[in-house]
1. Run lengths n ≥ 4 of DSSP H only: what is the helix-derived mean residue ellipticity at 222 nm for the chain, with -39500 (n - 2.57) per run over all residues, to the nearest 500?
2. Have a look at the DSSP beta bridges in the chain and tell me what percent are antiparallel, nearest 5.
3. Chymotrypsin sites (Phe, Trp or Tyr not before Pro) within the stretch 153-245: which are DSSP loop residues with at most 16 other Cβ atoms inside 10 Å?
4. Scale the Cα Rg of the stretch 11-94 by the rule-of-thumb value 2.2 N^0.38 Å and send over the ratio, two decimals.
5. Translational diffusion coefficient, Stokes-Einstein: compute it for the stretch 104-208 using the Kirkwood radius over C-alpha pairs as Rh, at 4 °C and 1.567 mPa s, and state it as an integer in µm² s⁻¹.
6. Using a Förster radius of 22 Å, what is the FRET efficiency between residue 227 and residue 168 based on their Cβ-Cβ separation? Nearest 0.05, please.
7. Could you state the orientation-averaged shadow area of the convex hull built on the Cα atoms of the stretch 54-95, in nm² to one decimal?
8. Relative to the present Cα-Cα distance, how much length would full extension add between residue 146 and residue 201 at 0.36 nm per residue of separation?
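All of the numbers you see were taken from the coordinates with simple rules; none came from a lab. Given the structure is predicted, the values throughout are model-derived calculations rather than measurements. Note: ideal-geometry Cβ built from the backbone for every residue, glycine included; neighbour counts use all protein chains shown.
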Amino acid sequence: EEVSPPPMHRHRIKMKGLNVPSQADTFGEMKERYDIPPQLLSNLSKCGYSHPTSIQSSGMPVLFESRDLAAISPTGTGKTLSYLFPILSKLGYPLSASQDPTKKGVRALILAPTRELAHQIHNECLRLTQGRKWRIVLFSKATANSLANKAVRDKVDIIISTPLRLISSYQGGKLELNSIQHLVLDEADRLLDREFLPQVQEILGACSSSGIQKAVFSATLPAEIEKLALKILHNPIRVVIGMKDT
Ligand code: ADP
Ligand code: MG
């Protein structure tokens, strides 16, 4: 029997958009509805994630169902897993550690405003893919240099980066972004502010694959910034998670 979820999982959920995908209250329900690799589920429970948080219950189905998403949810509510879990599922999960990497080029890009946050996202991604041969790159000067080699680059599945670091490789012709199928802006309020906007717009322009799925995540999204966010998304679902009793 399900035990009642801890308080961090009980927030008010508001969803808006055309044909809003229905929430999934448990990971078991997601497993029934969507194609989720067993190893990913087992890594999930190894991480101690037994119940989805509110943003996960509401946001994950949106991403599983290939929709664009604008998600606003307070700090500490598990936004990282909200996008990593569906994206890792959808990218497919190499069956065994001895298998070759997919060599389909970079298929997911996660942008974060700071190195520190990019680093945290990378760690979470490594935990979820444990035991499997994913190539997940935390972009830095060193990795940028090794990725200048096309043979290396073609084996990378996911890149996590700050905008500036990525832009300099892209502009130097050392990186293509046209194979990217999933793009996430984490802490989008900062990525879409004046400092980062030109860089983020250049990256968006370079992610030219048709049918690319985009998602923005933030703890807060001032009206002006939200307008910008909705403009870069295609027929998005907007999810807002409020603290309980507010
Ligand atoms: P946010 O980005 O919303 O601030 P994080 O993604 O950094 O939140 O997650 C905050 C903490 O919650 C992390 O320590 C993470 O491991 C944990 N967490 C995420 N999802 C769950 C879950 N479903 N159950 C329990 N803990 C979770
Ligand atoms: Mg976060």
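1. Values: 11 runs with 97 residues, N = 246.
About -11000 deg cm²/dmol.
2. Antiparallel: roughly 15 percent of the beta bridges in the chain.
3. Listed in order of number, the matching sites amount to none.
4. Working: Rg = 12.1 Å, N = 84, 2.2 N^0.38 = 11.8 Å.
Dividing the Cα radius of gyration by 2.2 N^0.38 Å gives 1.02.
5. The calculation lands on 95 µm²/s.
6. Once rounded, the FRET efficiency stands at 0.15.
7. 3.1 nm²
8. Taking 0.36 nm per residue and subtracting the Cα distance, the gain is 17.3 nm.
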